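The values are calculated or read from the model by the stated rules, or taken from the named source; none is laboratory data. Every value quoted in this text rests on a predicted model; they were computed, and no experiment measured them. Heads up, the Cβs are rebuilt from the backbone with ideal geometry, glycines too, and the neighbour counts pull from every protein chain shown. With ligands, DNA and RNA removed, areas are computed over all heavy atoms of the protein, side chains included. Shrake-Rupley method; radii C 1.70, N 1.55, O 1.52, S 1.80 Å.
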Amino acid sequence: MTDEVMYAELHCAHCDQETLHALVYAGRLIVSSTCQICHMQVKHEPGDLRIHYIKDLENRIATKPARLWRRFWKSPVGLMWSMPRKMMQQPGKFWGEIKSLFR
Amino acid sequence: MEARTALLEPMRIAVVILAAGSGSRFSSATNKVWLPLGGRRIISRSIANAVKSFPGCRTVLVISPQDALLANQVLEREASDVEVELVEGGETRHDSEYNALIHLAPAITDGRINVVLIHDGARPLATSMLFHDVARTAHQHGGAVPAIVVDPFEIDYKCENQIVRVQTPQAFRASELLSAYQKAHHDKFVGTDTAACMEEYFPENKNIAVAGETQNVKITYPQDLVIAEHVLEMRGYVE
């Protein structure tokens with residue numbers, strides 16, 4: 001879910017109908033949502049988003065050990081197998097998130 | 001007298017979560033219930049809230065056939081400790097509810113389920129307290145619908161009636177609910193929501209309004225996702 005764009009049908013207040021929206025995520029947070037018909041964009045104030053991102057990041061870091069532990073119990077081999085690749089991806093992932101915050 | 005008898009019986013609950021949607025006109029669109037919200041999919045938050053309220057209850061998730069693969073992946077990753085039964089949705093919300101009730105029919109008929117809660121998968125912020133309130137009220141009186149009073153002047157300045165905004169989860173006694181949907185299916189009656197179908201076939205049944213929750217938003221507009229994120233942050237990201 002890193003700087004990821006997802007498309008979903010949501011109600012556009014401007015078009016007053018269900019339209020396709022592009023949703024950009026930074027980590028767990030939504031950066032923006034853009035109606036693909038009228039291009040109306042809904043987004044956080046940039047400063048506000050950064051404050052939320054920091055709070056969210058604190059929560060992600062605080063809950064990481066418990067989440068890893070749960071995954072370990074569910075599938076130890078799967079976790080060990082995917083761990084090196086995931087760790088390699090972390091710097092790029094955070095860089096992508098930070099870029100989204102300052103875009 | 002009937003209410004007192006019902007109170008003596010323990011509640012045996014099934015929760016039906018509707019996530020089939022109305023079908024997309026865009027092939028690239030994800031059904032909104034599968035969007036991420038605070039690190040988990042909207043639907044897995046809805047499931048977690050329901051299951052936390054009634055551990056061990058039967059949980060039915062109604063999905064579109066095209067979402068089956070995604071549903072299995074998400075449930076495996078985010079709700080692997082919960083036994084979720086997948087049921088294919090229908091053309092309308094009413095059809096989806098009917099399919100779920102037919103799936104539960106054997107257990108309802110032999111009394112293993114006596115209260116059914118119907119919840120909209122796009123409402124990921126309903127609290128355990130609300131789930132408990134509607135279940136308890138339905139068990140006691142027959143039906144329960146969460147509602148929030150709206151200032152009628154917001155809608156029409158001439159309106160003098162009290163207007164409420166209805167939410168989910170809605171709960172009903174299982175046998176009456178199943179019977180109402182079987183009759184509706186036979187008569188080709190389509191209700192706007194679960195309570196409407198119950199009122200059509202069991203007008204004597206009391207559907208009690210319980211206090212809804214202002215934070216129990218239905219994800220409809222893009223800004224609802226931002227509001228939901230803020231609510232989750234306030235709650236410390238726990239359901």
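Restricting to segment B:148-187, count the residues that are outside any helix (DSSP H, G or I), open to solvent by less than 20 Å² (accessible area, probe 1.4 Å) and either out of contact with any strand residue (DSSP E or B) (no Cβ under 6 Å at 6 or more places or on another chain) or of a type in the set (Gly, Ala, Ser) (or both).
Step one: filter segment B:148-187 for residues outside any helix (DSSP H, G or I), giving B:148-151, B:155-173.
Subsequent filtering for residues that are open to solvent by less than 20 Å² (accessible area, probe 1.4 Å) retains B:150, B:167-172.
Narrowing further to those that are either out of contact with any strand residue (DSSP E or B) (no Cβ under 6 Å at 6 or more places or on another chain) or of a type in the set (Gly, Ala, Ser) (or both): B:171.
Total meeting the criteria: 1.
Only one of the listed residues (B:ARG93, B:ARG40, B:ARG112) is open to solvent by 30 Å² or more (accessible area, probe 1.4 Å), over 30 Å from A:HIS21 (Cα atoms) and in contact (Cβ under 8 Å) with a residue 24 or more places away in the chain. That residue is B:ARG112.
Looking only at segment A:18-53, residues that are more than 11 Å from chain B (Cβ to nearest Cβ), without any contact (Cβ under 8 Å) to a residue 40 or more places away in the chain and assigned to a helix (DSSP H, G or I) come to 1 in all.
Can you tell me which residue among B:GLU97, B:GLU76 is part of a helix (DSSP H, G or I), touching a Ser or Thr at 6+ places or on another chain (Cβ under 7 Å) and of a type in the set (Asp, Glu)? If you could, list the steps in order and put the result at the bottom.
Values: B:GLU76 fails: touching a Ser or Thr at 6+ places or on another chain (Cβ under 7 Å).
One residue alone meets the criteria, B:GLU97.
Of the residues that make up segment B:165-174, is at least one at pLDDT 90 or above, under 30 Å from B:LEU37 (Cβ atoms), among the β-branched types (Val, Ile, Thr) and in contact with a Leu (Cβ under 6 Å, 6 or more places away or on another chain)? No: segment B:165-174 contains no residue that is at pLDDT 90 or above, under 30 Å from B:LEU37 (Cβ atoms), among the β-branched types (Val, Ile, Thr) and in contact with a Leu (Cβ under 6 Å, 6 or more places away or on another chain). Would you be able to say whether some residue in segment B:144-155 is farther than 27 Å from B:ARG112 by Cα and touching a Ser or Thr at 6+ places or on another chain (Cβ under 7 Å)? Looking for residues that are farther than 27 Å from B:ARG112 by Cα and touching a Ser or Thr at 6+ places or on another chain (Cβ under 7 Å), one finds at least one in segment B:144-155, hence yes. Can you say whether B:ALA180 is closer than 19 Å to B:ILE13 by Cα and not acidic (Asp, Glu), as far as the supplied structure shows? Yes. Restricted to segment A:1-17, and to residues that are more than 7 Å from chain B (Cβ to nearest Cβ) and either more than 15 Å from A:SER33 (Cβ to Cβ) or modelled with pLDDT of 90 or more (or both), which residue is most open to solvent (accessible area, probe 1.4 Å)? Only one residue tops the list, namely A:HIS14.
Looking only at segment B:192-239, count every residue that is within 14 Å of another protein chain (Cβ to nearest Cβ) and not hydroxyl-bearing (Ser, Thr, Tyr) and tell me the total.
Initially, segment B:192-239 is screened for residues within 14 Å of another protein chain (Cβ to nearest Cβ), giving B:217-239.
Now restrict to residues that are not hydroxyl-bearing (Ser, Thr, Tyr): B:217-219, B:222-236, B:238-239.
Residues that pass the stated criteria total 20.
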